[in-house]
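Taken together, the values in this text are just the output of simple stated rules run on the coordinates, not laboratory data. Since the structure is predicted, the reported quantities are computational estimates derived from the model, not experimental observations. All Cβ positions, glycine included, derive from the backbone under ideal geometry; neighbour counts span all protein chains shown.
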Amino acid sequence: MTKDEKSNNNQITKIIVPPYMKAFSGAIGGIAEASCLQPIDKVVLLLTPFAAHLTLKYALRLGTNAMLQKAFKDSETGVVEGFFRVLVLVFLKHL
């Protein structure tokens, strides 16, 4: 090998892709992405309000439970008596 042949092998050739080919490949990629991810997006969309509602519901219920049990706790013993515990549970059932 001569010195000129070695320098030609080490050169990186830049391939020029025409704009219409970039547009076509981008369109094909977008279609493939949309068709693969659409079922996942649909499930997420359907579950999001349900999950958000449950999160808020349980946060309110647990926070209210703790607040009411603290309010009805006996000051001397620190224990919530049976009647007040039932009262708290009946109240929380209607939340």
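Cβ crowding within 10 Å, taken as a proxy for footprinting-reagent exposure, orders Thr77, Thr64 from fewest neighbours to most as Thr77, Thr64.
Among Leu89, Leu45, Leu68, which comes first, second and so on when ranked by fewest other beta-carbon atoms within 10 Å? Kindly include the intermediate steps, with their values, before the conclusion.
Values: Leu89 12, Leu45 9, Leu68 18.
Sorted ascending by nearby Cβ count, the order is Leu45, Leu89, Leu68.
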